[in-house]
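Presented below is the structure to which this report refers.
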Amino acid sequence: MKDCLFCKISQGEIPAQIVYEDDQCIAFRDVNPVAPIHVLIIPREHISGIAAVTNAQQALLGHLLLVARRIAQDLGGEENGYRLVLNNGVQAGQTVFHLHIHLLAGRQLGWPPG
Ligand code: 5GP
Ligand code: ZN
């Protein structure tokens, strides 16, 4: 989608520290990490958020989750635990309207989130 930051990262138009990619998704380090491991997993296809996912995209959503788990394992986040976060909408803190899963690990995380 034109003017979408994460579409541009997916297409290589904006650089990012990529940790994983395949034909369906790409994962890269958050530019403003809030934990020692902070990775964003996004579909290559533009979807504005979890609320916009259709039934036909069910397998894609599952793929994103399994990729997030694999990255957590590969980056060493599994031993002490990790968190996957999906912010949907302004009040939830969503600032980029291209679906993304946050992978957070490497420190004690508080609950409930702020
Ligand atoms: P949200 O607040 O929408 O759930 O998460 C958006 C995330 O994207 C934020 O954590 C923010 O730091 C990250 N972000 C925003 N712009 C960029 C960018 O240009 N590059 C990367 N790697 N991350 C970004
Ligand atoms: Zn996009």
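The values are calculated or read from the model by the stated rules, or taken from the named source; none is laboratory data. The structure presented is a predicted model; accordingly, all values stated were derived computationally and were not measured. Backbone-built Cβ (ideal geometry, glycine too); neighbour counts: all protein chains shown. Just so you know, the surface numbers come from the protein's heavy atoms only, side chains and all, with ligands and any DNA or RNA stripped out. Shrake-Rupley method; radii C 1.70, N 1.55, O 1.52, S 1.80 Å.
Averaged per residue, the chain has 61 square angstrom of accessible surface, using a 1.4 angstrom probe with ligands and nucleic acids left out. Fully extending the segment from Q73 to T54, taken as 0.36 nm per residue of separation minus the present Cα-Cα distance, adds 4.0 nm. Legend: calculated FRET efficiency, A92 to D23, from the Cβ-Cβ distance at R0 = 22 Å, rounded to 0.05, equals 0.15.
Phi angles of region 45-56 translate, via the Karplus equation with coefficients 6.51, -1.76, 1.60 and θ = phi - 60°, into HN-Hα couplings of 5, 6, 9, 6, x, 4, 5, 9, 5, 9, 4, 5 Hz per residue; Gly and Pro are given as x.
Here the accessible area of region 5-105 is 51 percent carbon and sulfur, with a 1.4 angstrom probe and all protein chains present.
Amide H contacts of C25 (H built 1.01 Å from N, in plane; Pro and chain starts excluded): R44 sit under 5 Å, all sequence-distant by 5 or more or on other chains. Listed as lacking a disulfide-compatible partner in the chain: C25, by the criterion of no other cysteine Cβ under 4.7 Å. Expressed as an acute angle from 0 to 90° and rounded to the nearest 10, what is the orientation of the C-alpha long axis of helix 58-74 relative to the principal long axis of the chain? Once rounded, one gets 40 degrees.
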